[in-house]
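> After the structure tokens below, expect a handful of questions from me.
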Amino acid sequence: MQQWGDTVTIADIIKANSVIRQYVKKTPLIRAEKLEKLFGGAEVYLKLENLQYTGSFKVRGVVNKMLSLSKDELARGVTAASSGNHAQAVAYIASIMGAKAIIVMPENAPATKVDGTKGYGAQVVSFGFTGEDRELKCNELVMGYGYTLIHSHADPRIIAGHGTVVTEAAEQLLSYGYDCFDEIVIPCGAGSLTSGASLASKNLMPAACVTAVEPAAVPRITKSLEDGGPVTVSMGQTIADGLRVGKTEPIIFELIRDNVDVVLTIGEQPILDAVREVLLRGKVVAEPSGCVGIAAALDGQIDMSAGRRVCFVITGGNMDSEMIHKALDG
Ligand SMILES: *Cc1c(COP(=O)(O)O)cnc(C)c1O
């Protein structure tokens with residue numbers, strides 16, 4: 001098994017922020033006045049990673065990781081296990097760098113996601129149904145063909161790359177005349193974004209409260225913090241498909257424990273309501289995983305009173321028309 005380095009520092013994130021520049025978009029930080037009408041007077045800022053290349057923030061960590069590979073490793077090719085946005089990010093960055101990508105996806109993966117991944121030129125191997133199935137298959141490909149595994153979350157370079165969402169947002173906030181949010185709200189699945197983003201926030205905007213939101217159906221970080229160590233939870237059903245991860249990695253647990261102030265869980269109905277409000281009022285196409293922060297605010301779990309500046313990271317926008325219909329129907 002591959003060994004991960006032990007941790008991530010703010011210097012790693014700042015370095016990532018400069019090396020990934022030519023490969024990622026500086027996504028807009030907007031103020032969403034129409035959404036503010038739903039709340040108690042707080043200013044609502046959205047960091048729009050749904051507009052990032054491939055439709056999610058995932059390219060940030062992936063390119064930071066792939067830039068660290070040797071020429072030899074790139075020539076042999078990369079592999080990744082993913083059912084969703086990580087697959088598309090690896091496929092896209094590999095194509096830009098001229099590397100072969102072999103992505104292991106579940107046999108029941110939606111055609112849109114398989115087609116999206118193939119569309120960036122990757123080879124898709126359909127295998128099994130669970131995350132463990134896919135990881136086993138990936139390891140087999142690594143051993144058999146010498147591919148390099150691009151792990152979706154348990155890798156310091158992935159975490160540092162994802163942290164650039166916040167270095168960028170902190171810089172963009174200056175153009176609104178402020179140097180700190182009162183609160184930054186981050187959707188949390190496996191927790192690699194939360195790890196990097198919270199570390200960046202604590203260093204660049206120490207006064208901001210860092211809040212992570214996970215689905216009540218998969219309360220992995222909540223349970224891990226209660227237990228005082230990384231736990232694995234059974235996987236409930238949630239429409240936030242990017243947040244369905246059962247296992248907590250130690251490196252992620254430690255970063256979240258040290259840098260996140262509040263962890264919230266959110267039910268399914270508020271997530272669906274949030275997708276609709278973000279779409280109709282915010283004019284932003286955001287997938288359910290990207291809307292759990294707004295959902296927590298709609299659910300009354302975040303202080304949205306007047307005078308506060310709250311930033312929501314909108315992590316992605318990849319959803320099919322069926323999901324949009326479902327959200328509009330409420
Ligand atoms: C991957 C993903 C997340 C969760 O990121 P983690 O690092 O796994 O916590 C949230 N939203 C979207 C859209 C994603 O693709």
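> Just give me the residues in the stretch 120-136 being open to solvent by less than 40 Å² (accessible area, probe 1.4 Å) and closer than 13 Å to I103 by Cβ, in sequence order. Before you say what the answer is, go through the steps one by one.
Here is the first cut: in the stretch 120-136, the residues open to solvent by less than 40 Å² (accessible area, probe 1.4 Å) are 122, 124-125, 128, 131, 134.
Of everything in the stretch 120-136, those that are open to solvent by less than 40 Å² (accessible area, probe 1.4 Å) and closer than 13 Å to I103 by Cβ turn out to be A122, V124, V125, R134.
> Just need a number here: residues in the stretch 8-19 that are outside any helix (DSSP H, G or I) and crowded, with 22+ Cβ neighbours inside 10 Å. First the steps, then the outcome.
Start the filter on the stretch 8-19 by keeping residues that are outside any helix (DSSP H, G or I), which leaves 8-9.
Next, only the ones that are crowded, with 22+ Cβ neighbours inside 10 Å stay: 8.
Here the count works out to 1.
> Could you say which residue among V44, V24, V63 is under 13 Å from A297 (Cα atoms) and more than 12 Å from the ligand (Cβ to nearest atom)? Before you say what the answer is, go through the steps one by one.
Values: V24 fails: under 13 Å from A297 (Cα atoms); V63 fails: under 13 Å from A297 (Cα atoms).
Answer to the selection: V44.
> Consider I239 against the criteria (1) touching a residue at least 40 places away in the same chain (Cβ under 8 Å); (2) farther than 15 Å from S289 by Cα; (3) away from the ligand (no atom under 11 Å from the Cβ); (4) of a type outside the set (G, A, S): it satisfies all of them except one. Which criterion is unmet?
It is condition (2) that I239 fails.
> Moving on. Do we have any residue at all in the stretch 46-63 that's touching a Leu at 6+ places or on another chain (Cβ under 7 Å) and not in a loop (DSSP other than H, G, I, E, B)? Write out each step before concluding.
To start, the set of residues in the stretch 46-63 that are touching a Leu at 6+ places or on another chain (Cβ under 7 Å) comprises 47, 57.
Of the ones still in play, those that are also not in a loop (DSSP other than H, G, I, E, B) are 47.
Looking for residues that are touching a Leu at 6+ places or on another chain (Cβ under 7 Å) and not in a loop (DSSP other than H, G, I, E, B), one finds at least one in the stretch 46-63, hence yes.
> Name every residue in the stretch 274-304 that is in contact with a Gly (Cβ under 7 Å, 6 or more places away or on another chain), surrounded by fewer than 24 Cβ atoms within 10 Å (Cβ to Cβ) and in a loop (DSSP other than H, G, I, E, B), in order of residue number. Lay out the reasoning, then the answer.
As a first pass, look at the stretch 274-304 and keep what is in contact with a Gly (Cβ under 7 Å, 6 or more places away or on another chain): 276, 285-287, 289-290, 304.
With the extra rule that they be surrounded by fewer than 24 Cβ atoms within 10 Å (Cβ to Cβ), the set shrinks to 276, 285, 304.
If the condition is that a residue be in contact with a Gly (Cβ under 7 Å, 6 or more places away or on another chain), surrounded by fewer than 24 Cβ atoms within 10 Å (Cβ to Cβ) and in a loop (DSSP other than H, G, I, E, B), then V285, M304 are the ones that fit.
> Identify, please: which residue in the stretch 179-197 is in contact with a strand residue (DSSP E or B) (Cβ under 7 Å, 6 or more places away or on another chain) and more than 16 Å from K58 (Cα to Cα) and is, among those, farthest from the ligand (Cβ to nearest atom)? Step through it out loud before you land on a result.
Step one: list which residues in the stretch 179-197 are in contact with a strand residue (DSSP E or B) (Cβ under 7 Å, 6 or more places away or on another chain), which gives 181-188, 193-194, 197.
Cutting the leftovers down to more than 16 Å from K58 (Cα to Cα) gives us 181-185.
Numbers: F181: 19, D182: 22, E183: 18, I184: 14, V185: 12 Å.
For the stretch 179-197, the residue satisfying everything is D182.
> State the number of residues belonging to the stretch 148-187 that are in a helix (DSSP H, G or I), polar (S, T, N, Q) and in contact (Cβ under 8 Å) with a residue 40 or more places away in the chain. Outline the logic, then answer.
Taking the stretch 148-187 as the starting set, the residues that turn out to be in a helix (DSSP H, G or I) are 156-176.
With polar (S, T, N, Q) added as a condition, the list becomes 164, 167, 172, 175.
Applying the additional criterion that residues be in contact (Cβ under 8 Å) with a residue 40 or more places away in the chain yields 164, 167, 172.
Of the residues in that region, 3 qualify.
> Let me ask another. Out of the residues in the stretch 137-176 that are of a type in the set (G, A, S) and more than 16 Å from the ligand (Cβ to nearest atom), which is surrounded by the most Cβ atoms within 10 Å (Cβ to Cβ)? Full working, then the answer.
Filtering the stretch 137-176 down to residues of a type in the set (G, A, S) leaves 144, 146, 152, 154, 160-161, 163, 169-170, 175.
Filter once more, so that each one left must be more than 16 Å from the ligand (Cβ to nearest atom): 144, 146, 170, 175.
On the way: G144: 8, G146: 12, A170: 22, S175: 8.
In this case the residue turns out to be A170.
The values are calculated or read from the model by the stated rules, or taken from the named source; none is laboratory data. None of the values given here were measured: they were computed from a predicted structure. All Cβ positions, glycine included, derive from the backbone under ideal geometry; neighbour counts span all protein chains shown. Note: areas computed on protein heavy atoms with side chains; ligands, DNA, RNA excluded. Shrake-Rupley method; radii C 1.70, N 1.55, O 1.52, S 1.80 Å.
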